[in-house]
Amino acid sequence: MVEKSSAAAIDVDTIVIGAGFYGCEIALQMKQLGHERVVLAENRPGILERASFVNQARVHNGYHYPRSIPTALRSHVNFERFVEVYRHAVLFDMTMIYAIAKGSRVSASQFVRFCETMGIPCREPHVRLVRLFEPGLIDECFLTHEIAFDSRRLADDLSRRITESKLDLRLESRAHVVGADDRAVTVAVGASTFRARFVFNCTYGELPFAGVALRAGIKRELTEMLLLRPPHLLAKVGVTVMDGPFFSTMPFPAVGLHSLSHVRYTPHWAVNDNNLRHLTPLRSNGIAMLREAAHFLPCLAAADPIRSIFEIKAILTRNEDDDGRPILIEQSEASPRIWSILGSKIDNIFDALDFIAHRDWTW
Ligand SMILES: Cc1cc2nc3c(=O)[nH]c(=O)nc-3n(C[C@H](O)[C@H](O)[C@H](O)COP(=O)(O)OP(=O)(O)OC[C@H]3O[C@@H](n4cnc5c(N)ncnc54)[C@H](O)[C@@H]3O)c2cc1C
């Protein structure tokens, strides 16, 4: 990496690029670790406006990953911690049903064994809930222990902590790494130039575009979720039908609606290269996914579709087949002072914070 000289560069300790959930927490942690001058650069007018808002809001407890035991285990371990630390932002008062479709890649008995092995609750639901499903299409359904988070509450709490810690948050400021030498990394942030001892690239769907070359392959997928007003029978109930081309609908507490995603209709298209920067939807699949899901869960026919939300999902190409969602923490080859962090799920935040807590950031 070639250093571009800049006479007016401002010296700081750390720059974090991207004020999603990961960038905010990591910037706050660097402050706690003693870095006085921490800049958090965000392209958008506010924090947590991208994937940290546009997601299914599930605090994973492992159920989703019967084909990736390491991810299931990490989810389960992080679940209790997330609930403890962010209890102000989770919806406890809800029921989550996992249903095994006929033709699922995982059978009902395999799912039960998987839950037993993991030590996660999996019980027979009340008959009122069983009757929600079309019996010809579902083998069995299970009452599980999973909840939703409220990204607006997470954002409010992070805003308060950012203000209290006197972190230098720069909104509407696109950041780009432009060079590095032995002592510092040069980063353009909006119209300013900084020299930082350490840089964290926490830009998720835009990870390849912050001026930091990555070794890990990343698939970027344009995704759609439909927000809907649920029928009375689904109020405070989440449903996940698995394992294959099925769907999930569950509370989306940030706006008081339900989200609906479908394995076939949520992804619009995907790219494995870093060339395409503008991934915009050509059309909405919202009504198609609602129609398809209503075959399995007939009460969904009475749902009121409100609007779709779109976001880039970033998936490590090595986990495309096993559905695993581990965190990526990659030190740049260009400079040991630059780190890229892809938190594939919200609860992986603890893996990032634990990693950072155990390293030396004093040099
Ligand atoms: C459809 C979908 C469903 C999901 N469902 C779940 C779920 O149910 N549960 C779960 O745990 N996880 C889920 N995830 C994953 C979860 O959303 C992400 O792991 C998490 O939000 C990543 O947080 P982040 O802070 O890394 O990214 P983001 O929240 O996207 O933050 C990155 C920030 O970087 C900013 N940025 C980008 N480039 C620049 C730049 N050059 N300069 C300055 N700023 C920049 C962006 O504006 C953005 O604010 C889902 C993701 C998607 C897309």
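Taken over segment 9-26, the residue count meeting the criterion of being closer than 18 Å to Val185 by Cβ and touching a Ser or Thr at 6+ places or on another chain (Cβ under 7 Å) is 4. Highlighted here are the strands (runs of 3 or more DSSP E) found entirely within segment 244-341 that include at least 2 residues which are buried (at least 19 other Cβ atoms within 10 Å of the Cβ) and outside the structural domain of Leu353 (by TED's automatic domain parsing): 247-252, 257-262, 304-316.
Table: residues versus (1) surrounded by fewer than 17 Cβ atoms within 10 Å (Cβ to Cβ); (2) touching a Leu at 6+ places or on another chain (Cβ under 7 Å); (3) among the acidic types (Asp, Glu); (4) closer than 30 Å to Phe194 by Cα.
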residue	(1), (2), (3), (4)
Cys24	no, yes, no, yes
Leu40	no, yes, no, yes
Gly46	yes, yes, no, yes
Val77	yes, no, no, no
Lys102	yes, yes, no, no
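Can you tell me which residues in segment 169-192 are within 14 Å of the ligand (Cβ to nearest atom) and of a type outside the set (A, V, I, L, M, F, W, C)? Once the filter is applied, which keeps residues that are within 14 Å of the ligand (Cβ to nearest atom) and of a type outside the set (A, V, I, L, M, F, W, C), segment 169-192 yields Arg170, Glu172, Ser173, Arg174, His176, Gly190, Ser192. Every residue in segment 176-214 that is part of a loop (DSSP other than H, G, I, E, B) and touching a residue at least 24 places away in the same chain (Cβ under 8 Å), please. Of everything in segment 176-214, those that are part of a loop (DSSP other than H, G, I, E, B) and touching a residue at least 24 places away in the same chain (Cβ under 8 Å) turn out to be Asp181, Ala184, Gly190, Cys202, Thr203, Ala210, Gly211, Val212, Ala213, Leu214. Among residues of segment 45-97 being assigned to a helix (DSSP H, G or I) and aliphatic (A, V, I, L, M), the one that is farthest from the ligand (Cβ to nearest atom) is Ile69.
The values are calculated or read from the model by the stated rules, or taken from the named source; none is laboratory data. Values in this document were obtained by computation on a predicted structure and should not be read as measured data. Note that each Cβ is placed from the backbone with ideal geometry, even for glycine, and that neighbours are counted across all protein chains shown.
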